[in-house]
Every structure is written in structure tokens, then in C-alpha cells.
Amino acid sequence: MKKDPSVSVVADMSEERRKQISAFEVTEYPKVTAGHTLVMIIMAGLFALMIYGGLSFNWGNYEIAAIFFVMGVVCGLIGKANLTEISKGFVVGVKALTSTYMIIGMATSVTNILSSGNIINTIIYYLCKGLGSWPVILAPIGIMIAVAIVNLFVPSLNGKRPLLLPILGPVCKVLGINQQLLSVTYTFGDSFTNFVLPYNSGLVGFLEAGNVTFGQWFKFFKGLLWIWIVIGAIILVVLQMVGIGPF
């Protein structure tokens, strides 16, 4: 793509977008100073605090957002930026992701409506009902597909757990699939399709920050998605054959 930029999936990016990106490009990198080192140490420490809080105190989005806010202010001050410059940078970041916030809100509303009307439970019931007719060796693939389909309606990892696991756990016991394989199957079903959901907050946020449209991303990623699904299915069949776990 460096030799021929026209082959890139973002070749048709508007000139305005290119100017926005070029404004953040760095051609010459300064030498690492004591201030840079201190910033990296503080960032590493706050990330460690975030992980510890999540594991020990069940910190959620609000606590994590607060840590990132503190990180931005402290690191900005260490980088010799005043409060006005830090505030302006914060506003620019929020402005760039305004559309992302709206999409997150819409996606959350849809999820709440489906959950309140017990529509999701109905979908899960009929998805899981048919797994009993699958061959045992292919049953994990069926569960992966079921989780992936539910993921279209509930992209949240934590949101699906209380909905799916109470049903999939007993189903797996009946089909002869142990809990370790269920964990792997659930992870595959949850993660693969997250990369093609236009209302997935994480994906949309990264695309917006990278100035890449969803259409461009899908064109690039769709081939890789099928490769992941096929490899994941093969892994599940092998794990079922060798009888992974319990441990």
C-alpha cells in the first residue's frame, strides 16, 4: 500500500479526513526524557490499579472512566501542559466520539427492550432446543453459533452471561460437553462477531478514532472473520475429541 495507496480500503478517504489524520502525524520523535518515563510509569500503575479494582472490588465503567480521566490530567501536567490545554484536548476527544456515544445509547435501548419483553429468553430457548439433535462431536460448534446469534442482540459479554450460562450449562451436561469446553465455546461465539457489529461500542469507537468507516472495515475484515470461524470450529471439534478437562 505504500507503493500503491489506491489498493487500500481507505483510499477514498476525504481530503478533510486526511488533514485531520496528518495533524496528529509525527515525523520526528523526541528523545525519551525523565518526564516521558514518569508518564509511562504512571500509566502502567493506573492500569494495574484498574485490573486490581476490577478483580477485587468489581469496578465497572464508571470507576474505569474515572481512572482514565485522572490519567489524562496527571500525565498532561507531567507533560508540561496547562489545565486549559488539557481541557481543550478532552473536548476534542469527546467531540470526535459524539456519534459513538449516540450509537451506544441506541444499542443499549434495543437491548433493554429485548430483555424487558423476554424476547431474548425466547430466542435462546429455541436456539438451544435444536442442539440435542446435533452429533456430539459437532455440538460445541452449534453452541458457538447459538452464542454468536445471541451476540447480535446482546453484544455485551456480561449481559449475555446471566441469560445464556444458566441454559447452556445444563444443555452441555446433557450433551456430554464439560465446563472447560463450554468456556472456550462461549468465548469464540462472543468474540468473533463483535468485530462486525456496527453497534458494538468498542469497535465503533476504534473505527471513529482511526477515521475508518464501518463499510471500509467490513470489506477488509470479512475474509478474516470466516477464517477465524473455521479455525475456531476445528479447535472445538479437536477439544471435544480429546475430552479437554475437567480440571
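Values in this text are rule-based calculations from the coordinates and carry no lab data. What you see is a predicted model; the values in this text were computed from it and never measured. Ideal geometry is used to build each Cβ from the backbone, glycine not excepted, and the neighbour counts take in all protein chains shown.
Once the piece of chain linking ALA44 and GLN179 is laid out straight, how much longer is it, given 0.36 nm per residue of separation minus the C-alpha distance between them?
This chain segment gains 45.2 nm when fully extended.
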With a ≥ b ≥ c taken as the square roots of the eigenvalues of the C-alpha gyration tensor of segment 118-247, please select rounded if a/c is under 1.5 and otherwise prolate if a/b is larger than b/c or oblate if it is not? prolate
Which peptide among 35-43, 184-192 comes first, and what is the full order, when sorted by highest mean count of other Cβ atoms within 10 Å? 184-192, 35-43
